[in-house]
Amino acid sequence: MIAATELARRHRLRWWEALPWIASLACFFAFPNYLAFGTQVLITILFALSLDLVLGYAGIVTLGHAAFFGAGAYTVGMMAMHWGWNEPISGLIAAALVAGAIGLASGLVLLRTHGLALLMLTLCTMALLEQAANMGAAWTGGFDGMPGLSFSKILGLFGFDVLYYRSQYLYALAVLFACFAIVRTLVYSSFGQSLTGIRENLLRMHAVGAPVRVRQVLAYTVSAALAGVAGALFTQANGYVNLAVLSLERSAGVMIVLILGGYGRLYGAFVGAIAYMLLEHVLAKAYPTAWQLGLGITLIVVALFARNGVIGIFDSLRRRIERSAR
Amino acid sequence: MVLFIVSVGLSVTMGLMGFVNLAHGGFAMLGGYAIVLSMKHWGLPFPAALAFGFFAVAAVSVVLERLLYAPLYRATELDQVLLTIGLVFTMIATLTLSVGPETQTVELPEWLRGQTDLGFIEYRTYSLALIVAGTALMIALWFGFERTRIGARIRAAVDNRRMAQSMGVDVGRLFTLTFALGSGLAAIGGGLGAEILGLDPQYPFRYLAYFLIVVAVGGLGRISGVFFAAILIGVLDFVLKIYFPKGGTLFIYALTLILLLARPHGLFGKKGTS
Amino acid sequence: MLETKGLCKNFGALEVAREVNFRLERGARHALIGPNGAGKTTFINLLTGVLPPSRGSVLLEGEDVTLLAQARRVKRGIARTFQINQLFRGLTVQENVCIAVSERLGVGGSMLRAAGRRADVLDEAARLIDMLKLGQDADRRIIELPYGRQRLVEIALALGLQPRVLLLDEPAAGIPSAESHILLDAIATLPKDIAVLIIEHDMDLVFRFAERITVLVSGAIFAEGTPAEIAANREVRSVYLGSALDG
Ligand SMILES: Nc1ncnc2c1ncn2[C@@H]1O[C@H](COP(=O)(O)OP(=O)(O)OP(=O)(O)O)[C@@H](O)[C@H]1O
Ligand SMILES: [Mg+2]
């Protein structure tokens, strides 16, 4: 008899898991002129990672994840603008709390539905927040948003501004690392396992006596909080926030990033964000239409043939090799 | 009313066929372009251009349905979302490349311009024409789906695909036809609405939320539901914009949210369609 | 142990349960048989709370559980298997079993400790996997297994809940007959005071296993008794058993 070992080993750290972090640090030294762009990539990775928790693991398809990104972004923006609260780290925590609270509240009501209705409801929630931000111009700056925000030094030590790319990048990297540690722990825990159960078969999950809704709402809340952190980072790094953080484009965009990278597999967010943003950076400015065309065709191909994204392709290759080796 | 005409097509594809079709606005846009351009370059009269738009887009959609949609009927919503978003990007890029990024305008024929005196009120002729067209369309569709054999077959096929198949209905062809009809309707909506909603390559995304809301509120696959929902939302939007110039849209989203929570199948939807 | 009183269920005009008064005793080995569409699966759905009854009540050890949600009934010891496999298809056999075991041990919501470090869960899962002779396939995903093996996972999931009442919906359907003894052996190892209700079309298996048989026809109890009584009952023979017994 062959004892089952895969599950007992899965959560252990593997050597290649250090690679993304080493590479990020290497980029810091190798490309000092691209650190502002690098920061945006890190933020996108975090945002995609938060989506992975609900979409990839819990199997909740949402078109409104930007709602939480925007909530976080506006939270730090408004705190800095109106209360002069510009300490970055407490700002992140506040953003996580606000976005998490919105996630909890909306999750409690929305997750009673599923399928198309849920898709629509998440979209409506985001549109609602967008309109609220648009209307409450006195607080949010309305359509123009809040430009020219500044934040104080990180831990009182490192200058932090649109101009301080270096500390910005390292700060974003540290935050991403912390959040990744949280997501990784969750995903490999029994809780994470039960989320995959919910994704794979709802009926059976009820039949083994799991409190399905509670689990979904919890996952949704944590994911919202993380997305809020990503949004807060966005505001802090760019020094502004506007309505674009709450758009359907952003929701759809992060979904595309995650899918292209591969969802439900932790590192998909990294691969997707880096590939997408690099290509966009290079192509979108020079040939915007070609970029759109390529993106469109890629999505169609992915939907039809490669549902697990780039990492998925590697995975199935690996599996095939393993099998032929056996 | 324009909302209705575009959305009803979406209700047909998404509601009846149970496919998350975010590319619907794309078909409306294609239709709009076909109509506008055929008038501009070939000098087709407006009604003929509408018919041309309908058939051209229906033809295109048949190809797309067979090639792209059909393999994903049983797939997850996520795959369907991806496919259709990708399709929209492709359509936008194709149009930008071939026609250009600028906004297209419709040349309305003489008899649709100006005002009409209804006895008690002066009204824009074109708006009146739209109302008439929309109502006629609704009646025709309702009749088609609820009262004819083809309609019954489509509904049967949606309810229980295997059962319908075993009773000798060619579900694949039926779905293709249905899809073509829905897309063709979108095309007409795009053409008729170009005057009001504008027409440029960003069209599909700009109005996506609106179309979806109308369909969701009206209840999937209910022609009359979509009709009333479109009127309701159109009127609400109009009234709220007058009284709360800024908050109007907010209320619509809030209402939609509450409504969907209370009745996930839409205002006029029946239970059991999901 | 598990009891129904005047249980009724309609799907529109179709009555799939009519005034069903049924008792499953502690330690029972009970079979529920009946022609296709008799309402057997629906009856299990009513017992487990997947469907709400139109009328009547379900009692567990004398306590009314009719209004309890499915998950709560599971916690009280009612487990079931599905006629058509309902598994976590993209996950491995081991993960499938672990999910069920974690829920029973109440650690399914635990967020910090890695699932692969829970020795109690892993041990119990390994025991179940062993019992159902799935050891070879423990690390394979469900979709990679033949249907018959999947069927055994289905049983393992239910056993992982350590139920007091076990409801099996055609557990042997789809298992090659050479392997169906694995299933019977697994059931035989269950503690004696567990009540088992089995729905089965294979009369051989029913008569080997059951100490009591209930015949359901068109949603109503048509006959009930020991296997010998049922086998001797002419009406049952004519409506249902027919050739199955004569042959
Ligand atoms: N959700 C439902 N809605 C409507 N009708 C249903 C539903 N579920 C089952 N039925 C019908 O109820 C009747 C009983 O179904 P059920 O599955 O309980 O039969 P069964 O005895 O398990 O049959 P089989 O031996 O084929 O498994 C069937 O006619 C079936 O079509
Ligand atoms: Mg059955």
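For chain A, find the longest principal axis of its Cα atoms and tell me its angle to the long axis of helix A:88-110, 0 to 90°, nearest 10.
It works out to around 60 degrees.
What does the C-alpha gyration tensor say about the overall shape of region A:5-121? Classify as rounded when a/c is under 1.5, otherwise prolate if a/b is larger than b/c, or oblate. Spell out each step's value before the answer.
Values: a/c = 2.14, a/b = 1.10, b/c = 1.95.
The shape class here is oblate.
Output the direction-averaged projected area (hull surface divided by four) of the convex hull of the alpha-carbon atoms of region A:19-325, in nm².
Seen from a random direction, the Cα hull of region A:19-325 projects 17.3 nm² on average.
For peptide B:203-214, compute the average count of partner chain beta-carbon atoms within 10 Å of each residue's beta-carbon. Show your work: numbers first, answer last.
Numbers: counts 0, 0, 4, 1, 0, 4, 8, 1, 0, 6, 4, 0.
Mean shielding count: 2.
When the solvent-accessible surface of protein heavy atoms is calculated with a 1.4 angstrom probe, in what order do A:Glu17, C:Glu25, A:Glu249, B:Glu77 fall, highest first? Please report the intermediate quantities before stating the final value.
Details: A:Glu17 10, C:Glu25 85, A:Glu249 120, B:Glu77 65 Å².
From most accessible down to least: A:Glu249, C:Glu25, B:Glu77, A:Glu17.
Between helix A:116-135 and chain A, what is the angle of the helix's C-alpha long axis to the longest principal axis, kept within 0 to 90° and rounded to the nearest 10?
10
How many square angstrom of accessible surface are buried between A and B, both sides summed, with a 1.4 Å probe and rounding to 100?
Values: alone 17000 and 13770 Å², together 27230 Å².
Heavy-atom accessible area buried at this interface is about 3500 Å².
Take each of the peptides B:174-180, A:313-319, C:3-9, average the number of other beta-carbon atoms within 10 Å over its residues, and list them starting from the highest. Can you show the working numbers first?
On the way: B:174-180: 21.0, A:313-319: 12.1, C:3-9: 18.7.
Descending mean neighbour count gives B:174-180, C:3-9, A:313-319.
Between region A:266-287 and region A:186-260, what is the C-alpha centre distance in whole Å?
That distance is 21 Å.
Could you work out how far helix A:35-51 tilts from the main Cα principal axis of chain A, as a 0 to 90 degree angle to the nearest 10?
50
Region A:71-112: which chymotrypsin sites (Phe, Trp or Tyr not before Pro) are DSSP loop and have at most 11 other beta-carbon atoms within 10 angstrom?
When the chymotrypsin sites (Phe, Trp or Tyr not before Pro) of region A:71-112 are filtered for loop state and at most 11 Cβ neighbours within 10 Å, A:Trp83 remain.
Check the straight Cα-Cα distances from C:Lys133 and name the aspartates and glutamates below 19 Å, setting aside those fewer than 8 residues away within the same chain.
A:Glu6, C:Glu95, C:Asp123, C:Glu124, C:Glu144, C:Glu154, C:Glu179, C:Asp185
Restricting things to alpha carbons, tell me how big region C:97-241 is in terms of Rg and Dmax, in Å.
18.0, 61
Would you mind giving the mean number of other chain beta-carbons within 10 Å of the Cβ of each residue in C:68-78, as a whole number? Spell out each step's value before the answer.
Numbers: counts 0, 3, 7, 10, 2, 2, 5, 2, 1, 1, 2.
Counting other chains' Cβ atoms within 10 Å and averaging over C:68-78 gives 3.
How crowded by other chains is B:73-83, given as the mean number of beta carbons from other chains within 10 Å of each beta carbon? Provide the component values of the computation, followed by the final result.
On the way: counts 0, 0, 3, 5, 7, 10, 6, 4, 9, 13, 6.
Mean inter-chain Cβ contacts per residue within 10 Å come to 6.
Residues with beta-carbon under 12 Å from that of C:Leu91, excluding C:Leu91: net charge, scoring Lys, Arg +1 and Asp, Glu -1? Could the numbers behind the result be given before it?
Details: positive: A:Arg10, A:Arg199, A:Arg204, C:Arg89, C:Arg140, C:Arg141; negative: A:Glu6, A:Glu200, C:Glu95, C:Asp139, C:Glu144.
Spelling it out: positives minus negatives among the neighbours equals +1.
Divide by every residue of chain A the summed helix terms, -39500 (n - 2.57) for each DSSP H run of at least 4, and state the resulting mean residue ellipticity at 222 nm, rounded to the nearest 500 deg cm²/dmol.
Working: 15 runs with 226 residues, N = 326.
Mean residue ellipticity at 222 nm (helix-derived): -22500 deg cm²/dmol.
The values are calculated or read from the model by the stated rules, or taken from the named source; none is laboratory data. Fair warning: this is a prediction, and the values are worked out from it, not measured in the lab. Ideal geometry is used to build each Cβ from the backbone, glycine not excepted, and the neighbour counts take in all protein chains shown. Heads up: the accessible areas ignore ligands, DNA and RNA and are worked out on the full protein's heavy atoms, side chains in. Shrake-Rupley method; radii C 1.70, N 1.55, O 1.52, S 1.80 Å.
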